[in-house]
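Colleague: First the structure, which I've put down as structure tokens, then a few questions once you've had a look.
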Amino acid sequence: MENLPLPILVEILSRLGDSTDLARCRLASRTLRFLSCDVRSISVVCSRERFLRSRAPATRDFIIPFRTLVLNLLSFLSGSEGALRSLSISAEVPDAAGADEEEDDVGFDDADDLHLTSADFLSQCLPSVALGLTSLSIGDYWCQACWRPSTALQVISEQCCNLLNLEMKNASLSVDGLKPMPKLTNLRLEFIRLDDEDLDKVNESFPSLKILKLIGVGGLRKPTISLPHLRICHWTVSNFPLCLAVHAPNLVELKLECVEPKYLVLEAPLLSQINLKIKKPGGLIKVHSFPYLNSIKLKTSDLKGIKRLFEGCKAVTKLELEGFQSSNANESFGKFTALDIVSTFPNVDELKLGPGAWTQLENYVSSSISSQWRKLKRLSIKLPPVDLDIELVSSVLNFCMPSCEVAVLIHKDSSDSIKNRTIGRCRSHFPIFKWKWGIWKESCVDNFMDLHYEINF
């Protein structure tokens, strides 16, 4: 490495990212120590191991507080003013099993050594590096931040005037004093308690946003997103607001997860991809026309309502449907048929049906199917762990082209007899189709249609 040009060495150090690796390089040679102050990207993480050591009585007095380490590092990096472009500060949450028995992981922690969104802390560490920062990410320790509302946004908006990307996680934030940040294009707030119930301050202060991700942001009552330049929006609503509204004339990709909105408005005429998860689609849902919409992922308890929800979306070619599995045997959902799908989306050629959607699907009996409906080129079905209804499969295949590729994914808990009968019946009854078989299992994370599967050819 000593023979490499100095700018190349700086590039290598900048791509290390982790502050621990950078510290090791600083100890390796004087050249690397000299150049390390010019790194453009750094990530400082309080690991689980360090957290637990800092709580142990025997070592508590010998551990330098994490925030002090951050301040020392940023003071060192400020030697080359404006060089640092990306800064990430975070604290890993210790596993409950690995924590000390006396440490309450889920309650409030009176200490503030890991309160990283503290306005006082940010006022000390940001001024030395704020001039060149274009990306800032702060992951707070929730046990210390949950009941300490912070004006961190005010400090960031005052200090980081050139910021393009901002991420905040696990914090309680106040929008008081927040100043406009016209250069910011990417904002992610994850597991944040926000005191602005209508998001008005966010709309006003970040007018140039192109990417907005609100993941589990609480404290919202009647939130409205109104951003003229927004292109991508991911919004996971954590509570039960009375109404939700999205007004974004340039939005092309929307992922929205909510439970039971009383009033939902989606106004995005250029939308091309939508991933919508509504557990109980009650109340008034007002969806404007989407002439450019070509891809839909929908998970809801009422798949019968797809026609009402997406009427007029004739450009859709990819459709993925899933229904919620009910634990209440007496709770019934409205049935729908394959005809409801193809009549609502006449140009769909790729259809995926999850196990919940397959449960809600009912047989459509017809003596003849017009050739204009035989559009499906690719069909994927994730079967629940029950025996196959061959008539139901037949009713869906009536809308498939003869050369359609059909992937049938059988649940891993299905018995061998069910698996063998399913494969045998499909092959014998419908030999003209191209069949693929696989096993699917539920992912540990309950994301929309987030099912892991393998295709066995």
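The values are calculated or read from the model by the stated rules, or taken from the named source; none is laboratory data. Source: prediction; values computed, not measured. Note: ideal-geometry Cβ built from the backbone for every residue, glycine included; neighbour counts use all protein chains shown.
Colleague: What number of residues within the stretch 343-368 are β-branched (V, I, T), at pLDDT below 90 and not in a helix (DSSP H, G or I)?
Modeller: Residues that pass the stated criteria total 1.
Colleague: Next up: Looking only at the stretch 58-84, filter to residues that are more than 20 Å from S118 (Cα to Cα), among the hydrophobic types (A, V, I, L, M, F, W, C) and not in a helix (DSSP H, G or I); which one of those is modelled with the lowest pLDDT?
Modeller: So the first thing to find is which residues in the stretch 58-84 are more than 20 Å from S118 (Cα to Cα), and the list is 58-63, 76-84.
Remaining after also requiring among the hydrophobic types (A, V, I, L, M, F, W, C): 58, 62-63, 76-77, 83-84.
Keeping just the survivors that are not in a helix (DSSP H, G or I) gives 58, 63, 83-84.
On the way: A58: 63, I63: 75, A83: 84, L84: 88.
So the residue we want is A58.
Colleague: Next question. If L163 meets every condition in (1) aliphatic (A, V, I, L, M); (2) assigned to a loop (DSSP other than H, G, I, E, B); (3) touching a strand residue (DSSP E or B) at 6+ places or on another chain (Cβ under 8 Å); (4) modelled with pLDDT under 95 apart from one, which number is that one?
Modeller: With respect to (1) aliphatic (A, V, I, L, M); (2) assigned to a loop (DSSP other than H, G, I, E, B); (3) touching a strand residue (DSSP E or B) at 6+ places or on another chain (Cβ under 8 Å); (4) modelled with pLDDT under 95, L163 is out only on (4).
Colleague: Within the stretch 91-135, restricting attention to residues that are over 23 Å from S41 (Cβ atoms) and within 25 Å of the chain's Cα centre (by Cα), which residue is modelled with the highest pLDDT?
Modeller: Pass one, the stretch 91-135, residues over 23 Å from S41 (Cβ atoms): 93-113, 115, 118-120.
Going one step further and asking which of them are within 25 Å of the chain's Cα centre (by Cα), we end up with 93-96, 105-106, 115.
On the way: V93: 68, P94: 59, D95: 53, A96: 42, D105: 46, V106: 51, H115: 92.
Only one residue fits best here, namely H115.
Colleague: Residue check: is S47 modelled with pLDDT of 85 or more, within 30 Å of D109 (Cβ to Cβ), surrounded by fewer than 19 Cβ atoms within 10 Å (Cβ to Cβ) and not charged (D, E, K, R)? I'd like the intermediate steps shown before the answer.
Modeller: Values: modelled with pLDDT of 85 or more: no; within 30 Å of D109 (Cβ to Cβ): yes; surrounded by fewer than 19 Cβ atoms within 10 Å (Cβ to Cβ): yes; not charged (D, E, K, R): yes.
Against the criterion (modelled with pLDDT of 85 or more, within 30 Å of D109 (Cβ to Cβ), surrounded by fewer than 19 Cβ atoms within 10 Å (Cβ to Cβ) and not charged (D, E, K, R)), S47 does not qualify.
Colleague: For the stretch 248-257, does any single residue satisfy the condition of being within 25 Å of I138 (Cα to Cα), modelled with pLDDT under 95, in contact with a strand residue (DSSP E or B) (Cβ under 9 Å, 6 or more places away or on another chain) and assigned to a loop (DSSP other than H, G, I, E, B)?
Modeller: no
Colleague: Output the residue which, of all residues in the stretch 307-334 that are at pLDDT 85 or above and either among the basic types (K, R) or assigned to a loop (DSSP other than H, G, I, E, B) (or both), is surrounded by the most Cβ atoms within 10 Å (Cβ to Cβ).
Modeller: This residue is C313.
Here is a yes/no grid of residues against (1) under 22 Å from G218 (Cβ atoms); (2) among the β-branched types (V, I, T):
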{"residue": "L126", "(1), (2)": "no, no"}
{"residue": "V129", "(1), (2)": "no, yes"}
{"residue": "T134", "(1), (2)": "no, yes"}
{"residue": "A152", "(1), (2)": "yes, no"}
{"residue": "E167", "(1), (2)": "yes, no"}
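Colleague: Among P223, P241, P228, which is the only one that is surrounded by fewer than 14 Cβ atoms within 10 Å (Cβ to Cβ) and not aliphatic (A, V, I, L, M)?
Modeller: Working: P223 fails: surrounded by fewer than 14 Cβ atoms within 10 Å (Cβ to Cβ); P241 fails: surrounded by fewer than 14 Cβ atoms within 10 Å (Cβ to Cβ).
From the options P223, P241, P228, the qualifying one is P228.
Colleague: Here is a further query. Which one of the conditions (1) modelled with pLDDT under 80; (2) farther than 22 Å from W142 by Cβ does R55 fail to meet, given that it meets all the rest?
Modeller: (2)
Colleague: Oh, and also: Which condition number in (1) under 26 Å from A91 (Cα atoms); (2) at pLDDT below 95 is the one that D198 fails?
Modeller: For D198, the failing item is (1).
Colleague: Still on this model: Of everything in the stretch 32-44 that's at pLDDT 85 or above and over 14 Å from S78 (Cα atoms), which residue is surrounded by the fewest Cβ atoms within 10 Å (Cβ to Cβ)?
Modeller: Ranking the candidates gives S43 first.
Colleague: Further question on the same structure: Which is in a strand (DSSP E or B) and charged (D, E, K, R), of K304, K299, K280? Before the answer, list the steps.
Modeller: On the way: K304 fails: in a strand (DSSP E or B); K280 fails: in a strand (DSSP E or B).
Selected residue: K299, the only one of K304, K299, K280 that is in a strand (DSSP E or B) and charged (D, E, K, R).
Colleague: Take the stretch 258-273 and flag every residue that is part of a strand (DSSP E or B) and buried (at least 18 other Cβ atoms within 10 Å of the Cβ). Show your work before the answer.
Modeller: Taking the stretch 258-273 and keeping what is part of a strand (DSSP E or B), we get 258, 263-267, 273.
C258, L264, L266, listed by residue number.
Colleague: Going by the conditions given, is E253 touching a residue at least 60 places away in the same chain (Cβ under 8 Å) and touching a Leu at 6+ places or on another chain (Cβ under 9 Å)? Full working, then the answer.
Modeller: Values: touching a residue at least 60 places away in the same chain (Cβ under 8 Å): no; touching a Leu at 6+ places or on another chain (Cβ under 9 Å): yes.
No: the conditions fail for E253.
Colleague: Please determine, by comparing only the residues of the stretch 379-397 that are outside any helix (DSSP H, G or I) and buried (at least 18 other Cβ atoms within 10 Å of the Cβ), which one is modelled with the lowest pLDDT. Full working, then the answer.
Modeller: The initial filter retains those residues of the stretch 379-397 that are outside any helix (DSSP H, G or I), namely 379-389.
Imposing the further condition that a residue be buried (at least 18 other Cβ atoms within 10 Å of the Cβ) reduces the set to 379-383, 388.
Details: L379: 93, S380: 93, I381: 91, K382: 91, L383: 88, L388: 80.
Among residues in the stretch 379-397 that are outside any helix (DSSP H, G or I) and buried (at least 18 other Cβ atoms within 10 Å of the Cβ), the one modelled with the lowest pLDDT is L388.
Colleague: Checking the condition buried (at least 16 other Cβ atoms within 10 Å of the Cβ) and small (G, A, S), which residue from S289, S205 passes? So that I can check it myself, show each step before the final result.
Modeller: Working: S289 fails: buried (at least 16 other Cβ atoms within 10 Å of the Cβ).
Only one candidate qualifies: S205.
Residue-by-condition table, conditions (1) aromatic (F, W, Y); (2) part of a loop (DSSP other than H, G, I, E, B); (3) without any contact (Cβ under 8 Å) to a residue 40 or more places away in the chain:
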| position | (1), (2), (3) |
| --- | --- |
| A171 | no, no, no |
| P182 | no, yes, yes |
| E190 | no, no, yes |
| N203 | no, no, yes |
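Colleague: Determine, yes or no, whether M181 is over 16 Å from I89 (Cα atoms) and at pLDDT 95 or above.
Modeller: Values: over 16 Å from I89 (Cα atoms): yes; at pLDDT 95 or above: yes.
Yes, satisfied.
Colleague: Tell me, please, whether a residue that is touching a residue at least 24 places away in the same chain (Cβ under 8 Å), small (G, A, S), surrounded by 15 or more Cβ atoms within 10 Å (Cβ to Cβ) and not in a helix (DSSP H, G or I) can be found in the stretch 404-422.
Modeller: So far as the stretch 404-422 goes, yes, one or more of its residues are touching a residue at least 24 places away in the same chain (Cβ under 8 Å), small (G, A, S), surrounded by 15 or more Cβ atoms within 10 Å (Cβ to Cβ) and not in a helix (DSSP H, G or I).
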